[in-house]
Amino acid sequence: MIRISPFLLQVVGVGVAVAVLMLLFFPDLLREPQPRVEVLQSDRPAPLALGEGPVSYADAVDRATPAVVNIHTRKTVVQRGHPFMDDPVFRQFFGDRFDTPQRRTQTSLGSGVIISPQGYILTNNHVIEGADEIETMLADGRNLPAQVVGTDPETDLAVLRIESGEGPLPSIVVGDSRHLRVGDVVLAIGNPFGVGQTVTQGIVSATGRSRLGINTYEDFIQTDAAINPGNSGGALVNAHGELVGVNTAIFTRSGGSQGIGFAIPVDLARDVMTQIIEQGAVVRGWLGIEVQEITPQLAQSFGLADSRGILIAGVLGTGPAARAGIRPGDIFTHIDGDRINDAQDALNFIARKKPGKTLRIQGLRDGEPFEIRAEVGKRPTARR
């Protein structure tokens, strides 16, 4: 019979007790480390006073341009062998003789911003969507292949990563887009028409632009800094060379810049990027409601003082709104005490809430004030 010494039993017992305590109080020690993105955040105080602005933006450009990259993509496109193959008369005479699929390589270009010394790049989803190969060209002339970390089509953002094998990569300092004012000087940096890195200058023409039909979630900075095809994904920086937006789209009738360009605010872009890197995907809040704008005529019929707010046109039967008791015909005027202006405003507010959070909703039901609480669910992935 094998005897175990009391001392050995005491040692094993102490070891088990220590392991249990470690699990209880330090559970993170046994988990795989999650990726974390390192970003250089600006600590600049309030904007410069009138008369203190620079006479040249060369210093700002010098700070920002090393982190702006040109992006070249390639993808294979399969086309039908002959454009007339859909014509029944053509097929009657020639059959499938000319229906051999043709493959060709399609290339496109855009821009991106290195936002972390670890090599993470922010760009637009439409710049790299469907690409088989992605290559970046840095300001110093280096060409590096890029891998897609993740995308968010609903904000038209994508995160890439490059590795140089030569230490940290040049990264941009991230500014604050929340305090941008109409009239602030901004610079757009990118690769328009593939001519090479180019800087254009303008001002912030408007903030909070939405309902443009570009993305699901819209909160654009509008600028008159010239943005052209190829600028997509490039940097919009302030007069100090700090990133305040990601250039995304232009309004044009000719295909070129007409002084109306749009950029995604860096605060939104950074949040999307961080979620993609650290969680693998962007998680948004969702209630499962179909909403309708309140027109002046509807406002009058409901006895509202103005047309701010949203009308609930439909409720998903198994969604969070249905479980909370929200009904079609309800009018939302406030969420968590904040006034709702329109449907886009409400959509953005709900999307920013993490699933599991509770919203306090105020509005009108059958002409009477009401208040209800609804637990936010996770927005289903958009199908594209």
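The values are calculated or read from the model by the stated rules, or taken from the named source; none is laboratory data. Every value quoted in this text rests on a predicted model; they were computed, and no experiment measured them. All Cβ positions, even for glycine, are placed from backbone atoms using ideal geometry, and neighbour counts span all protein chains on display. Just so you know, the surface numbers come from the protein's heavy atoms only, side chains and all, with ligands and any DNA or RNA stripped out. Shrake-Rupley method; radii C 1.70, N 1.55, O 1.52, S 1.80 Å.
Label positions at Ile203 and Gln106, each projected 7 Å from the Cα along the C-beta direction, are separated by 4.0 nm. Extension gain, Ile260 to Arg74, is 64.1 nm, computed as 0.36 nm per intervening residue step minus the present C-alpha separation.
In this structure region 254-347 gives 44 Å² per residue of accessible area when probed at 1.4 Å with all protein chains present.
The GluC sites (Glu not before Pro) of region 117-200 that meet both conditions, a loop assignment by DSSP and at most 15 other Cβ atoms within 10 Å of the site Cβ, are Glu163, Glu166. Counting other Cβ atoms within 10 Å of each Cβ, which trypsin sites (Lys or Arg not before Pro) in region 230-328 have at most 11 and sit in a DSSP loop? Taking region 230-328 and a limit of 11 other Cβ atoms within 10 Å, the loop trypsin sites (Lys or Arg not before Pro) found are Arg253. Taking amide H as placed 1.01 Å from N in the peptide plane, Gly259 has its amide H under 5 Å from the amide H of Ile227, each at least 5 places away in sequence or on another chain. Taking amide H as placed 1.01 Å from N in the peptide plane, the amide H of Trp286 sits under 5 Å from that of Gly377, Arg379, each at least 5 places away or on another chain. Which FRET efficiency, nearest 0.05, do Ala58 and Asp184 yield, Cβ-Cβ r, R0 25 Å? Using R0 = 25 Å, I get an efficiency of 0.85. Using 1/(1 + (r/R0)^6) with R0 = 35 angstrom and r between the beta carbons of Thr358 and Thr216, what's the FRET efficiency to the nearest 0.05? Plugging the Cβ-Cβ distance into 1/(1 + (r/R0)^6) gives 0.90. The fraction of accessible area contributed by carbon and sulfur in region 156-266 is 47 percent, rounded to a whole number (1.4 Å probe; ligands and nucleic acids excluded). A simple spin-label model places pseudo-atoms 7 Å from Cα toward Cβ; at Leu316 and Glu166 they are separated by 4.9 nm. For the pair Arg365 and Thr274, the difference between a 0.36 nm per residue extended length and the Cα-Cα distance amounts to 28.8 nm. Solvent exposure of region 177-238, expressed per residue, is 40 Å² of accessible area, with all protein chains present and a 1.4 angstrom probe. Take the alpha carbon gyration tensor of region 261-384, find the square roots of its eigenvalues, order them as a ≥ b ≥ c, and report rounded if a/c is under 1.5; if not, report prolate when a/b exceeds b/c, else oblate. In terms of gyration-tensor shape, prolate. Applying both filters, DSSP loop and at most 12 other Cβ atoms within 10 Å, to the trypsin sites (Lys or Arg not before Pro) of region 170-215 gives Arg178, Arg181, Arg211.
The modelled label-to-label distance between Glu133 and Ala281, using points 7 Å beyond Cα along the C-beta direction, is 3.1 nm. Each residue of region 198-211 was assigned a 3J(HN,Hα) from its phi angle through the Karplus expression (A = 6.51, B = -1.76, C = 1.60, θ = phi - 60°), giving 9, 10, 10, 10, x, 10, 6, 8, 6, 10, x, 5, 9, 6 Hz with x at Gly and Pro. Does region 306-364 come out rounded, prolate or oblate, given a ≥ b ≥ c as the square roots of the eigenvalues of its C-alpha gyration tensor, rounded meaning a/c under 1.5 and, failing that, prolate meaning a/b above b/c? It comes out oblate by the Cα gyration axes. The Cβ shell under 10 Å around Ala146 holds other residues with a net charge of -2, Lys and Arg each +1, Asp and Glu each -1.
Find out how many positive minus negative residues lie around Val204, taking Lys and Arg as positive, Asp and Glu as negative, among other residues whose Cβ is under 15 Å from that of Val204.
Spelling it out: positives minus negatives among the neighbours equals -3.
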